Amino acid sequence: MNSLHETHSTYSIRGKESNPISNPVKSSLRILYLTNRCNLACTYCYEGLGDTFKYGGMVPAIPSLKQLIKQVDDIIAEEPEEEKQTLFLLFGGEPLMQWKNMKDVMLHAMLQKNNIHFNAITNGVLLTKPKFLKDFISFFKEHHDIIQKFSLDISFDGVGNGERVYRNGKKSAPTVLKALAMLSAIDEEIMKFRWRIRYTIQETNIDRWKEDILHLNKTFNPYRIITSIDSAMEDKNLNAHEKLKRDISSLRSLWKTKALNTPVCGFFCDTCDECAGTHDYKYYYTDKGLTKKQLHSENMGPFEDSGQWDSSSLK
Ligand code: SF4
């Protein structure tokens with residue numbers, strides 16, 4: 001029997017000609033950790049924030065702007081060629097909690113190289129704060145060159161999800177739905193802003209994930225919906241396996257008939273091999289500098305058990 005991950009990827013349609021795995025000019029994914037702080041404490045947090053908050057929290061690790069600028073300069077010095085795209089993943093914790101640094105990093109990088117792209121992954125909570133949203137929108141309105149090279153992913157695992165929670169255990173889903181509504185309300189004539197939803201299929205939403213995808217498509221019409229499988233989900237869960245296959249087939253049928261019009265990465269998209277195919281290595285930068293390098297095909301996984309970022313894994 002295939003693993004759930006294999007089923008997930010086997011069901012995607014990939015055109016051989018367009019598959020950039022054969023493209024010799026590969027980019028590297030440069031993951032800049034802007035902070036290990038977060039305004040949520042998800043139970044499954046890969047940074048272990050769900051647990052650490054319970055025990056008083058881990059030591060804050062927030063790189064200074066000076067450190068971030070040096071990381072950007074080092075990265076671009078390593079791959080200055082314009083035919084090679086440098087992809088910065090602005091990550092956390094919750095990266096928008098370091099919005100000022102994020103803006104300055106993008107402004108600085110834009111002066112160094114043209115062929116770059118920024119992707120930020122957020123839980124969306126800050127976007128519901130009017131003051132924050134105003135500044136966020138006005139920054140991109142002022143910098144049309146950056147908005148062309150920026151994509152924002154909002155993590156959302158479904159209505160009623162009890163895993164993505166605040167520190168007091170309150171569910172974050174209603175807030176994130178509000179954020180999605182705010183993003184979808186941005187007038188494209190005024191600002192063409194590309195944002196996507198990241199949806200992790202897990203034990204707790206396997207029964208309704210397809211309905212969630214259809215709802216997200218219809219209500220918010222994001223640029224894309226990116227799906228993945230929670231690594232904690234048991235492959236031996238036969239029901240989950242069959243359900244996943246049935247739902248993927250059903251979504252693909254809806255896609256063909258145009259009843260679903262948001263591309264669902266992993267199932268329909270044949271242009272980028274779910275983005276990862278364009279990258280050879282992933283590099284992780286924290287306040288301790290470059291802490292890890294791994295092949296894109298390896299699972300990101302947690303930063304092992306030290307509770308601090310681990311430089312010993314640097315290969
Ligand atoms: S939003 Fe992300 S970083 Fe924050 S607690 Fe949840 S999984 Fe961890």
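Scanning region 111-128 for residues that are of a type outside the set (S, T, N, Q) and surrounded by fewer than 14 Cβ atoms within 10 Å (Cβ to Cβ) yields a total of 1. Are any of the residues in region 101-115 in contact with a Leu (Cβ under 6 Å, 6 or more places away or on another chain), within 16 Å of the ligand (Cβ to nearest atom) and not in a loop (DSSP other than H, G, I, E, B)? Yes - at least one qualifying residue is present in region 101-115. For region 43-91, a residue qualifies if it is at pLDDT 85 or above and under 30 Å from THR204 (Cα atoms), and the qualifying residues are LEU89, LEU90, PHE91.
Listed by first and then second residue, the pairs linking a residue in region 210-236 that is small (Gly, Ala, Ser) to a residue that is surrounded by fewer than 20 Cβ atoms within 10 Å (Cβ to Cβ) and at pLDDT below 80, with Cβ atoms under 7 Å apart and 6 or more places separating them unless they lie on different chains, are SER231/ASN299; ALA232/TYR44. When LYS170 is tested against the conditions (1) exposed (fewer than 15 other Cβ atoms within 10 Å of the Cβ); (2) away from the ligand (no atom under 16 Å from the Cβ), the lone failure is (2).
Against the test of being of a type in the set (Asp, Glu) and farther than 16 Å from ILE190 by Cα, the options ASP145, ASP157 yield a single qualifying residue, ASP157. Taking region 140-161, which residues are surrounded by 15 or more Cβ atoms within 10 Å (Cβ to Cβ) and away from the ligand (no atom under 13 Å from the Cβ)? Once the filter is applied, which keeps residues that are surrounded by 15 or more Cβ atoms within 10 Å (Cβ to Cβ) and away from the ligand (no atom under 13 Å from the Cβ), region 140-161 yields PHE140, HIS143, ILE146, ILE147, LYS149, PHE150, SER151, LEU152, GLY158, VAL159.
The values are calculated or read from the model by the stated rules, or taken from the named source; none is laboratory data. These numbers come from a predicted model, not from an experiment. So basically every Cβ, Gly included, is an ideal-geometry build from the backbone, and we count neighbours across all protein chains shown.
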